[in-house]
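**Student:** Please read through the structure below; I'll follow up with questions.
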Amino acid sequence: MHALTESEIRSSLVNATVRERKSLILPPDFEETNWERTDFVGWRDPKQPVVGYVVIPTDVEPVGVMLRLGGRQPRKRPLCSFCEDVLLPNDVAFFSAKLAGAAGRKGDTIGTLICSNFECSKNVRMKPPPMLGGHDPEAVRQQRIESLRTRLSGFAGRVLGTSA
C-alpha cells in the first residue's frame with residue numbers, strides 16, 4: 001500500500017458526513033505505519049471505541065469506510081472475514097457500515113466480522129504452522145496476503161454498491 005496523508009484518509013471516507021470526516025482522529029501510531037507491510041489502514045476511534053475506520057486501497061483511489069461496533073458480539077470465537085486466520089492471536093468483532101451514497105442515506109448497512117483491532121495485515125504475514133505451510137510456507141504466506149487483498153476489495157465494492 002502506498003503511504004497516505006491525513007487529508008487523503010479524510011477525503012476517502014465514502015460513508016461519513018463532512019462533520020464525521022472532520023472529527024476523525026487518526027491512530028496514535030499513524031506516523032510509524034510500515035506501508036510496505038500494510039494492506040489496509042484500520043483503527044478504532046480513541047474517543048469513541050464503538051467507531052472504527054478502514055481505508056482500503058483500490059485500483060482507482062483509497063476507499064475509507066466508517067464502521068460501528070455491533071451491540072451484541074458473537075459468543076463463539078468467529079472467523080475474521082478479512083484475514084480468515086484460523087489461529088487468531090486476537091479477538092474478532094461484528095462491525096456494521098452504512099453503504100455509500102443514496103443507499104446509506106436511506107439507512108442501508110452491511111455487517112461483517114473483523115479483527116477487533118484490525119491486525120489482519122500482521123496476521124496474514126505470520127509464518128504459517130507446519131500443518132498449513134507444507135513444503136513452501138512463503139508461498140502460503142503470499143497466497144494469504146493476496147486473499148486478504150481480494151476480500152478487502154470485495155468489501156469496499158459492497159460498501160460502494162459496485163459488487164454483490
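**Student:** Would you mind telling me which numbered condition in (1) surrounded by 13 or more Cβ atoms within 10 Å (Cβ to Cβ); (2) at pLDDT 90 or above E146 fails?
**Tutor:** Exception for E146: condition (1).
**Student:** List pairs: first in the stretch 37-49 and closer than 19 Å to M126 by Cβ and part of a loop (DSSP other than H, G, I, E, B), second among the aromatic types (F, W, Y) and modelled with pLDDT of 90 or more, Cβ under 9 Å, 6+ apart or cross-chain?
**Tutor:** D39/F82; F40/F82; F40/F118
**Student:** Another one. Sort through T58, T162 and tell me the only one that's within 27 Å of E6 (Cα to Cα) and exposed (fewer than 14 other Cβ atoms within 10 Å of the Cβ).
**Tutor:** The match here is T162.
**Student:** To continue, here is another question. May I ask you to list the residues in the stretch 44-89 that are charged (D, E, K, R), out of contact with any helix residue (DSSP H, G or I) (no Cβ under 8 Å at 6 or more places or on another chain) and modelled with pLDDT under 85?
**Tutor:** R72, R75, K76, R77, listed by residue number.
**Student:** Out of all the residues in the stretch 114-123, is one or more in a strand (DSSP E or B) and either surrounded by 15 or more Cβ atoms within 10 Å (Cβ to Cβ) or among the β-branched types (V, I, T) (or both)?
**Tutor:** Within the stretch 114-123, one or more residues are in a strand (DSSP E or B) and either surrounded by 15 or more Cβ atoms within 10 Å (Cβ to Cβ) or among the β-branched types (V, I, T) (or both).
**Student:** Consider only pairs whose beta carbons are under 6 Å apart and that are at least six residues apart or on different chains; among these, list those whose first residue lies in the stretch 1-18 and is more than 16 Å from E31 (Cβ to Cβ) and at pLDDT 95 or above and whose second residue is outside any loop (DSSP other than H, G, I, E, B) and open to solvent by 70 Å² or more (accessible area, probe 1.4 Å).
**Tutor:** N15/K98
The values are calculated or read from the model by the stated rules, or taken from the named source; none is laboratory data. Quick caveat: nothing in here was measured; it's all calculated off a predicted structure. Positions of Cβ are backbone-derived with ideal geometry, glycine not excepted, and every protein chain shown enters the neighbour counts. Just the protein is used for accessible areas: all its heavy atoms, side chains included, with ligands, DNA and RNA removed. Shrake-Rupley method; radii C 1.70, N 1.55, O 1.52, S 1.80 Å.
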